[in-house]
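These notes are about the structure you will find just below.
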Amino acid sequence: MTAKTFPGGIHPDYGKGPTAGKPVVRAAPPKTVVIPLHQHTGAPCEALVKAGDEVKMGQKIGDTGAFVSAPVHASVSGKVLAVEPRPHPAFGVSLAVVIESDGQDQLDPEIRPAGSLDTLDAAALRKVIREAGIVGMGGAAFPTAVKVAPPPNKKIDTVALNGAECEPYLTADHRVMLEQADDVVFGLRALMKACGAGQGLIAIEDNKPDAIEVIHKALGGAPDLQIIHLHTKYPQGSEKHLLKACLNREVPSGGLPLDVGVVVNNVATAAAVARAVRNGTPLYERVLTVTGGAVANPQNMLVRVGTSFGDLIEQCGGFAKPAGKVINGGPMMGIAQSSLDVPVTKGTSGILCLARGEVARDEAEACLKCGRCIDACPMYLMPLWISAYAERGKHEEAERLNALDCIECGCCSYVCPARRPLVQAIRLAKGEITARRRRQAQPAK
Amino acid sequence: MAENGAQNELLVVSSSPHVKTRDTTQRLMGDVLIGLAPAAAAAGYLFGSRALMIMAASVGTAVLAEHLVSRMGHKRTTIGDLSAAVTGLLLAFNLPPSVPPWIPVIGSAVAILLVKALFGGLGGNFLNPALAARAILLAAWPVHMTAWIRPFDLVGTATPLATLVPKGVAGVPLPSYLDMFLGRIPGSLGETSALALLAGGLYLLWRRVIDWHTPVAFVGTVFVLTWLLGPDGIGTGDPLAHVLSGGLMLGALFMATDYVTSPVTPRGRLVMGLGCGLLTVLIRIYGAFPEGVSYSILIMNVATPLIDRWMTPRKFGMVKTA
């Protein structure tokens, strides 16, 4: 099978070598966890517990009635110390439930298997997925139950699992595919049933031949499931580009994968769905990669949600070299942290600690108009012009050049020889444009 | 700042991406200088010490002018990006080897101060600085700028192009293709050796500093049109002589590919090459000058914003929705 891909994109240094071959190790049980009530795209949860309450592991501690949301669960058993604003690795600050572990890890007795895939219907599966608090684990953390409940006018024929893991340095999905292949395939089946899709596929970049082999075996030659080899390139794991490569379906501008009949989920998300269906286990722990040139002993770890970054870095031998940057996620789209005192959330796919020498701190020079950002842009936009308008506050011009189609993958900034902050300026313009659209929509009500 | 003892230094916080390519402006311009080196060596071999003197005067003045401009604007000097050195060397390549040394000095000063700095410095100019300076020198000192000498013995002569084009000098035999390919012909300092220019151009292609669109379209258009528009009717031209003579190789590989003054998309760069080729042939065959490479590139420089406006990529997701 020849590897599939899309035109554009970049080939950064992948840096996956230090952790790709290392099996997942279970992180030491945390003494205290800080569980943000907002770990997903959508409405934050409200706390269901208060300071002084005793909680069990897996107990639901936050929820909301909003449709686009996912409940959060305790990742240890113990006593709630506080419900208070705490630093958050993606949102800056969020209300969080702080729990002191009793060291017992007593599982909530409410947790029990949901039933078999044959007996559960689509609606029941969606309810299981929602109650388990499952969100996209590739980083964006979109509630999975919402994803698999498309509006009635959209027919879903395919569920695609994203095993591309195109972000440099990260190997968590790679290890999940190797070590939890059966869960991944079971989760795919469950997701297909939840949204009524007839076929499923798993797409993996060809720099992970062992994962391709293991998943291929796990599929067991099922006629409705297939594996797709992807060319190793960033951002091959962007869902739009994944579908372009796998199915040659192009998500329309401003649209979603469900506009072309597909739901895309991360492989780790599928494995979490499998555990929710089989055992009733909610999403309170996940696999992530702690890596980067600053870390003494980079590892893939199974980590409780709410464990602090600093704790995990300590467990990896601490910093061997002075850290210049600590990032929630990968180097292309991850978020730089100002402190190690932030908790792992459901969306944390990695903790990347770049040594001081690895941190790019160049000053921007004049744009040469070399056009490399255009060649690299996977959305075929013209980042140099959009960013130039954005820098001058001309957001209408930026909008005319389709700034809103930007997926913020960062390829343009990566390739720019003049080190211009292209995607950063475009991000700014996108914010201004959407804010203005919202303002214009207001008076109508 | 962490309080847990793992880290006692401040962390850098900035917006993603957190890693960058190793390519920098300086590295790209350095590659262009490396790409120009074979032609510079050929110039020294063919025209001797006077070639080296002209190149030194031109590069030296360009770098000095760039530095002074930065200083006058109270900014960090930009000579480190090497773009001024590239401009200086390209200007030298476009001068007859017989020019007095003050010509490259004035030319480089004009290129950097007038054509580049006044329009905002690197990235702001809309004309290729070296070519615009050459055009100004040609207008100001036409005798110095059209006095050609032969390689090695440095005796005054006409260029092959003057023989080749219809309005040229009759009866002077054309040099052999081999001499033209190797550069043993009269001409501007750095333009005569197609071999040296091709070697440097291939280096730039291999390093992906330039792409094939402009050079291939430029040379290809000249080849086809000069063959078609021959002196004795359709298909009687001498396209190989046209491609190997004058500034075509230098222009197609190193001047029309200048990032700042050429289109930003691959399709746009194709149009750039086609337009340069067409204009070069029109000027060579029907115009008043024997050579048209410089002017064709300058005209296409001016057309570049328009090309950029038209040759935009089709954005992802522009599909019909059901």
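The values are calculated or read from the model by the stated rules, or taken from the named source; none is laboratory data. Here the structure is a predicted model, which is why all the values come from computation and not from measurement. Positions of Cβ are backbone-derived with ideal geometry, glycine not excepted, and every protein chain shown enters the neighbour counts.
Quick notes on this one:
- Contacts under 7 angstrom Cβ, first residue in the stretch B:305-318 being within 7 Å of chain A (Cβ to nearest Cβ), partner in a loop (DSSP other than H, G, I, E, B) and among the polar types (S, T, N, Q), 6 or more apart: B:312/B:265; B:313/B:265; B:315/A:253; B:315/A:402; B:317/A:253; B:318/A:253
- Among the criteria (1) over 20 Å from the mean Cα position of the chain (by Cα); (2) touching a residue at least 24 places away in the same chain (Cβ under 8 Å); (3) crowded, with 21+ Cβ neighbours inside 10 Å, the one residue A:280 does not fulfil is (3).
- When residues in the stretch A:19-63 are screened for being among the β-branched types (Val, Ile, Thr), outside any strand (DSSP E or B) and modelled with pLDDT of 95 or more, 3 of them pass.
- Boolean, residue A:262 is touching a Ser or Thr at 6+ places or on another chain (Cβ under 7 Å) and of a type in the set (A, V, I, L, M, F, W, C): yes
- Residue B:112 vs. criteria buried (at least 20 other Cβ atoms within 10 Å of the Cβ) and of a type in the set (A, V, I, L, M, F, W, C): yes
- Test: residue in the stretch A:237-255 that is closer than 25 Å to residue A:276 by Cα and assigned to a helix (DSSP H, G or I): yes
- With respect to being in contact (Cβ under 8 Å) with a residue 24 or more places away in the chain, among the charged types (D, E, K, R), within 25 Å of residue A:5 (Cα to Cα) and within 7 Å of chain B (Cβ to nearest Cβ), residue A:405 fits the description.
- If the condition is being surrounded by 16 or more Cβ atoms within 10 Å (Cβ to Cβ) and closer than 19 Å to residue A:137 by Cα, then the stretch A:26-41 contributes A:27, A:34, A:35, A:36, A:37, A:38, A:39, A:40, A:41.
- The residues in the stretch A:237-272 that are within 12 Å of another protein chain (Cβ to nearest Cβ), polar (S, T, N, Q) and surrounded by 20 or more Cβ atoms within 10 Å (Cβ to Cβ) can be counted, and the count is 1.
- Where a residue in the stretch A:335-359 is at the interface with chain B (Cβ under 7 Å from one of its Cβ atoms) and over 22 Å from residue A:16 (Cβ atoms) and its partner, wherever it lies, is buried (at least 24 other Cβ atoms within 10 Å of the Cβ) and at pLDDT below 95, with Cβ under 9 Å and at least six apart: A:340/A:323
- Test for residue B:185: is it of a type in the set (Val, Ile, Thr), assigned to a loop (DSSP other than H, G, I, E, B) and either touching an Asp or Glu at 6+ places or on another chain (Cβ under 9 Å) or at pLDDT below 95 (or both): yes
- Contact map, the stretch B:272-284: residues that are farther than 17 Å from residue B:307 by Cβ paired with residues that are among the aromatic types (Phe, Trp, Tyr) and modelled with pLDDT under 95, Cβ distance under 9 Å, separation 6+ or inter-chain. Pairs shown: B:283/B:289.
- Taken together, B:214, B:163 contain a single residue that is in contact (Cβ under 8 Å) with a residue 12 or more places away in the chain and either in contact with a Lys or Arg (Cβ under 9 Å, 6 or more places away or on another chain) or at negative phi (or both), which is B:214.
- Number of positions in the stretch A:310-339 that are surrounded by fewer than 21 Cβ atoms within 10 Å (Cβ to Cβ) and either within 18 Å of residue A:413 (Cα to Cα) or within 20 Å of the chain's Cα centre (by Cα) (or both): 1
- Unmet criterion (only one of (1) within 11 Å of another protein chain (Cβ to nearest Cβ); (2) under 18 Å from residue A:138 (Cα atoms); (3) small (Gly, Ala, Ser)) for residue A:306: (1)
- Qualifying residue in the stretch B:12-25 (condition: within 9 Å of another protein chain (Cβ to nearest Cβ) and part of a helix (DSSP H, G or I)): yes
- Unique match (being more than 14 Å from chain A (Cβ to nearest Cβ), surrounded by fewer than 16 Cβ atoms within 10 Å (Cβ to Cβ) and within 21 Å of residue B:101 (Cα to Cα)) among B:60, B:88: B:60
- Yes/no for residue B:38 being part of a loop (DSSP other than H, G, I, E, B), away from chain A (no Cβ under 11 Å) and modelled with pLDDT of 95 or more: no
- Set A:8, A:58, A:15: member being on the phi > 0 side of the Ramachandran plot, more than 14 Å from chain B (Cβ to nearest Cβ), in contact (Cβ under 8 Å) with a residue 60 or more places away in the chain and surrounded by 17 or more Cβ atoms within 10 Å (Cβ to Cβ): A:58
- Looking across the stretch A:358-389, just one residue is touching a strand residue (DSSP E or B) at 6+ places or on another chain (Cβ under 8 Å), over 17 Å from residue A:6 (Cα atoms) and not in a loop (DSSP other than H, G, I, E, B), and that is A:358.
- Filtering the stretch A:374-402 to residues that are within 13 Å of residue A:421 (Cα to Cα), within 9 Å of chain B (Cβ to nearest Cβ) and either out of contact with any helix residue (DSSP H, G or I) (no Cβ under 8 Å at 6 or more places or on another chain) or not aliphatic (A, V, I, L, M) (or both) leaves only A:385.
- Just one of (1) crowded, with 18+ Cβ neighbours inside 10 Å; (2) assigned to a loop (DSSP other than H, G, I, E, B) fails for residue B:100. It is (1).
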